[in-house]
Amino acid sequence: MCFILHSAAVRQGIVDTVKRALGDPKVKSVVICGQNGIFCGGADIKEFGTNMSGPPLVPMIHAIEAANKPVVAAIEGSALGGGLELALGCHYRIAHSKARLGLPEVSLGLLPAAGGTQRLPRLIGVPAALDLITTGRHVAAAEALQLGVVDRVAEHSTVDAAVKFALSVAAKPLDARRISTYPCPCPSDFDALFEGAMQKVRQNARGAIAPVACVQAVRAAATRPYLQGMEREKELMATLFTSGQARALQYCFFAQRAVSKWSMPNGARWDTSKPRPVHKAAVIGLGTMGRGIAVALAQTGLSVVAVETQEKQLMEAKQAVSGMLERGAKRRGLTPAALHKISYSHDIQAVADVDLVIEAVFEDMALKKKVFQQLSAVCKPGTFLCTNTSALDVDHLASQTRNPELVVGMHFFAPAHVMKLLEVVYGPQSSPQAVATAMQLGKKMGKVGVAVGNCRGFVGNRMLKPYIEQAFFLLEEGATPELVDRALEEFGFPMGVFRMSDLSGLDVGWRVRKGDGLVESGLASGQPTRLREGRRYSPLGDLLCEQGRFGQKTGRGWYQYDQPGSRVARSDPWFHSFLEEYRARHGLVARRIDHQEVLERCLYALINEGFRILEDGIAAGPEDIDIIYVFGYGWPRHRGGPMFYAGMVGLARVLERLEHYHQAHPDVPYLQPCSLLRRLVASGSPPVHRWREVIKKLHSQL
Ligand SMILES: CC/C=C\CC(=O)SCCNC(=O)CCNC(=O)[C@H](O)C(C)(C)COP(=O)(O)OP(=O)(O)OC[C@H]1O[C@@H](n2cnc3c(N)ncnc32)[C@H](O)[C@@H]1OP(=O)(O)O
């Protein structure tokens with residue numbers, strides 16, 4: 001019997017075939033396997049929210065477990081979610097050594113509700129089951145064997161091994177093989193264990209409800225007889241199944257896959273653009289970003305040339321990169337083979353024979369222009385030239401080269417060997433092959449690549465600007481960094497805007513604002529103005545920087561720290577009196593600001609910019625923006641990303657609140673609702689997956 005995902009037809013197939021096999025006296029035992037080397041990836045997520053037809057999963061698994069002939073699961077490829085629950089209903093499990101098993105329902109906002117929360121703890125004990133169910137992590141066959149999830153691991157044909165094994169146990173009694181009849185092994189420190197698990201889950205979940213429900217369901221397995229535990233599992237699942245969080249998480253699952261199917265406004269697409277193989281790559285500039293990129297490249301197995309012109313920096317970088325590779329290999333229980341994949345040089349000529357270069361020098365246009373001119377002269381014909389700029393004009397850099405079609409942005413996020421997001425930035429001259437190659441390389445590096453158009457800040461940083469601006473204005477109007485951060489952290493961000501600013505360094509934005517001519521000199525002594533080119537402007541960040549308050553690295557920023565480099569932010573009385581004086585100087589009267597206003601002002605301004613990005617064609621669809629925010633900016637996944645969230649709140653509501661705030665702050669253009677938002681509301685606020693139709697219509701009318 002073979003199946004990939006258990007849709008209605010697959011479930012019906014299993015029920016019918018198992019029934020036939022059990023009724024046939026010639027059949028002594030049964031082996032269940034999958035098709036094309038995959039046991040089962042679980043339920044078809046697209047079926048959720050539709051009228052699910054076909055036989056339900058729970059009675060089907062019960063019937064298999066109750067069978068009077070041995071049923072063996074032959075697990076190849078994946079046994080995930082309902083697929084593993086089905087295997088847990090079998091009397092024996094044999095997995096191929098390359099198989100992966102797991103209960104990832106939690107990452108879809110659900111719990112394993114086909115008996116997974118009740119059988120797994122009975123089989124492998126409460127602590128191990130809690131780990132697998134609350135994290136949703138997949139385990140390799142070797143770990144599954146060690147945990148007791150599977151009985152055997154096969155190196156060659158799993159089906160052959162399972163058939164042989166099934167015949168060998170045909171006459172054996174099955175009572176001891178039905179997991180639902182096992183007592184749940186109860187640890188002596190039961191209460192402490194569950195309290196600890198609940199605390200950990202709440203801390204990591206950032207407001208997600210599924211992990212909490214998972215703990216509650218496993219607790220039921222440990223405290224109630226099996227059938228009562230199943231009732232509790234069902235009850236908890238009922239709450240999760242229709243929740244907005246489950247919708248958001250399932251949207252993220254598909255959005256993550258949708259962004260790999262990129263398209264460009266000129267019609268180039270992922271399926272018609274062939275990437276060129278990259279065997280050897282180079283990184284130019286070994287600061288923090290360059291080092292992380294070199295590590296990520298070397299870990300893919302590529303040969304890497306790392307170039308840093310300053311000798312001292314080169315020596316330091318070499319040590320740091322080796323350390324990162326060694327620690328990475330140790331964590332994965334491997335030898336650091338990638339160490340030997342990197343060669344270092346202080347001479348840019350060393351990149352002459354590479355297939356692709358990633359420039360990661362200091363964020364300065366003049367410097368980057370020089371590097372691109374050099375690269376264009378030095379590299380062999382056809383080498384792709386990529387820049388890791390976070391905001392600068394990729395087209396302008398391309399224009400410095402002989403072959404602008406070979407130039408794209410590869411915007412990594414710090415730390416580059418850890419963070420999953422990669423913005424691949426194309427300009428009007430970038431060839432589809434350059435985009436396809438950068439996207440494929442990103443995938444090899446374990447990144448989630450999103451192809452976006454070229455504009456100041458691309459997608460992520462462009463949307464961040466109005467968000468940060470609102471946070472500054474809120475301080476002027478009466479909020480504190482603590483209040484703003486608390487509201488955002490309760491929403492689900494790992495850090496609020498001010499704690500994040502302290503971490504990344506206030507000087508970063510200061511340098512950008514200076515470059516844009518926004519910072520007035522001698523602020524501390526004079527009366528800084530709060531208008532630039534007719535727009536409201538807050539000089540608060542500039543004032544702190546003038547005092548050397550750059551955040552964690554100087555021990556002072558929006559908060560205070562015990563010492564420079566320390567990470568624990570403490571409220572700073574100095575800042576509070578500074579803020580009061582600032583308000584008094586500008587005749588600003590502090591008013592009470594609540595969490596709702598913080599969220600509406602910061603998030604709706606960010607979302608509004610997201611609509612502008614869609615209108616401008618910089619992102620192909622809302623999924624691209626959402627994946628950028630979830631993977632690169634800490635947007636809580638259970639809220640689906642900013643554009644999905646706007647849909648959940650209601651587009652009409654977002655529009656109404658933006659209109660309200662823009663009326664109150666007419667000198668803040670970011671609060672002026674963008675025309676795409678108005679158009680979507682006028683078209684009846686279609687669901688997020690139908691926005692592209694409205695955007696297409698809008699573009700065709702321009
Ligand atoms: C009543 C509730 C009962 C049970 C609960 C459940 O079972 S919930 C589902 C639990 N299962 C999962 O969460 C597994 C999700 N899938 C994966 O982890 C991976 O897709 C998998 C199976 C490991 C394969 O990975 P691979 O990298 O090979 O492929 P990819 O992820 O790109 O997927 C290929 C296409 O299949 C679609 N897809 C995958 N899984 C599901 C699914 N469970 N339901 C619906 N569709 C699924 C995926 O979207 C891809 O589609 P495409 O159109 O090609 O982009």
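The values are calculated or read from the model by the stated rules, or taken from the named source; none is laboratory data. All values reported here derive from a predicted model rather than from experimental measurement. Here Cβ is always computed from backbone atoms with ideal geometry, including for glycine, and neighbour counts include all displayed protein chains.
Overview of values
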quantity	calculated
Any chance residue 77 is within 16 Å of the ligand (Cβ to nearest atom) and surrounded by 24 or more Cβ atoms within 10 Å (Cβ to Cβ)	no
Members of segment 527-585 found to be in a loop (DSSP other than H, G, I, E, B), free of Cβ contacts under 8 Å to residues at least 24 places away in the same chain, among the small types (Gly, Ala, Ser) and over 27 Å from residue 515 (Cα atoms), listed by number	566
Extreme residue, farthest from the ligand (Cβ to nearest atom), among residues of segment 133-143 that are surrounded by fewer than 24 Cβ atoms within 10 Å (Cβ to Cβ) and assigned to a helix (DSSP H, G or I)	142
Pairs with Cβ under 7 Å, 6+ apart, first in segment 44-55 and in contact (Cβ under 8 Å) with a residue 40 or more places away in the chain, second near the ligand (Cβ under 8 Å from one of its atoms) and outside any loop (DSSP other than H, G, I, E, B)	45/108; 45/253
Segment 284-321, residues that are β-branched (Val, Ile, Thr) and crowded, with 22+ Cβ neighbours inside 10 Å	284, 293, 295, 304, 305, 307, 321
Selection count, segment 586-602, where residues are surrounded by fewer than 24 Cβ atoms within 10 Å (Cβ to Cβ) and assigned to a helix (DSSP H, G or I)	5
Test: residue 139 is among the hydrophobic types (A, V, I, L, M, F, W, C) and over 30 Å from the mean Cα position of the chain (by Cα)	no
In segment 304-319, residue nearest to residue 372 (Cα to Cα) [restricted to those that are among the polar types (S, T, N, Q) and more than 30 Å from the chain's Cα centre (by Cα)]	309
Residues (at pLDDT 95 or above and either assigned to a helix (DSSP H, G or I) or surrounded by fewer than 19 Cβ atoms within 10 Å (Cβ to Cβ) (or both)) located in segment 419-428	419, 420
Unique residue being under 15 Å from residue 212 (Cβ atoms), in a helix (DSSP H, G or I), more than 15 Å from the ligand (Cβ to nearest atom) and assigned by TED's automatic domain parsing to the domain that holds residue 235 when the list is 123, 130	130
Among the candidates 675, 685, residue that is of a type in the set (Gly, Ala, Ser), out of contact with any Asp or Glu (no Cβ under 8 Å at 6 or more places or on another chain) and surrounded by fewer than 20 Cβ atoms within 10 Å (Cβ to Cβ)	685
Condition check for residue 542: in contact with a strand residue (DSSP E or B) (Cβ under 8 Å, 6 or more places away or on another chain), acidic (Asp, Glu) and either at pLDDT 90 or above or assigned by TED's automatic domain parsing to the domain that holds residue 665 (or both)	no
Selected residue (criterion: nearest to the ligand (Cβ to nearest atom)) from residues of segment 95-111 that are part of a loop (DSSP other than H, G, I, E, B) and more than 22 Å from residue 256 (Cα to Cα)	99
Subset of segment 320-343 (residues that are more than 26 Å from the chain's Cα centre (by Cα) and under 19 Å from residue 280 (Cα atoms))	322, 336, 337, 339, 340, 341, 342, 343
Segment 42-56: number of residues that are within 11 Å of the ligand (Cβ to nearest atom), under 30 Å from the mean Cα position of the chain (by Cα) and farther than 19 Å from residue 92 by Cα	7
Filter result (in contact (Cβ under 8 Å) with a residue 40 or more places away in the chain and of a type in the set (Gly, Ala, Ser)) within segment 671-702	675
Residues within segment 367-389 that are in contact with a Phe, Trp or Tyr (Cβ under 9 Å, 6 or more places away or on another chain) and either among the charged types (D, E, K, R) or more than 24 Å from residue 275 (Cβ to Cβ) (or both), tallied	1
Residue in segment 23-35 that is within 13 Å of the ligand (Cβ to nearest atom), at pLDDT 95 or above, under 20 Å from residue 138 (Cα atoms) and in a loop (DSSP other than H, G, I, E, B) present	no
Residue among 261, 280, 274 that alone is farther than 28 Å from residue 122 by Cβ, more than 16 Å from the ligand (Cβ to nearest atom) and exposed (fewer than 15 other Cβ atoms within 10 Å of the Cβ)	274
Members of segment 441-467 that are among the basic types (Lys, Arg) and under 17 Å from the mean Cα position of the chain (by Cα)	443, 444, 447
Odd one out for residue 146 among (1) farther than 21 Å from residue 84 by Cβ; (2) in a helix (DSSP H, G or I); (3) polar (S, T, N, Q)	(1)
Qualifying residue in segment 60-70 (condition: within 13 Å of the ligand (Cβ to nearest atom) and either touching a residue at least 40 places away in the same chain (Cβ under 8 Å) or under 25 Å from the mean Cα position of the chain (by Cα) (or both))	yes
Residue match in segment 322-344 (condition: crowded, with 24+ Cβ neighbours inside 10 Å, closer than 18 Å to residue 417 by Cβ and among the β-branched types (Val, Ile, Thr))	no
When residues of segment 436-464 are limited to those that are part of a loop (DSSP other than H, G, I, E, B) and not β-branched (Val, Ile, Thr), the one nearest to residue 299 (Cα to Cα)	445
Hits in segment 188-212 - residues which are surrounded by 14 or more Cβ atoms within 10 Å (Cβ to Cβ) and either part of a loop (DSSP other than H, G, I, E, B) or among the polar types (S, T, N, Q) (or both)	206, 207, 208, 209
Yes/no for residue 234 being within 16 Å of the ligand (Cβ to nearest atom) and in a helix (DSSP H, G or I)	yes
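Here's the yes/no breakdown for (1) surrounded by 17 or more Cβ atoms within 10 Å (Cβ to Cβ); (2) under 29 Å from residue 245 (Cβ atoms):
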site: 13; (1), (2): yes, no
site: 19; (1), (2): no, no
site: 25; (1), (2): no, no
site: 29; (1), (2): yes, no
site: 38; (1), (2): yes, yes
site: 42; (1), (2): yes, yes
site: 48; (1), (2): no, yes
site: 53; (1), (2): no, yes
site: 67; (1), (2): yes, no
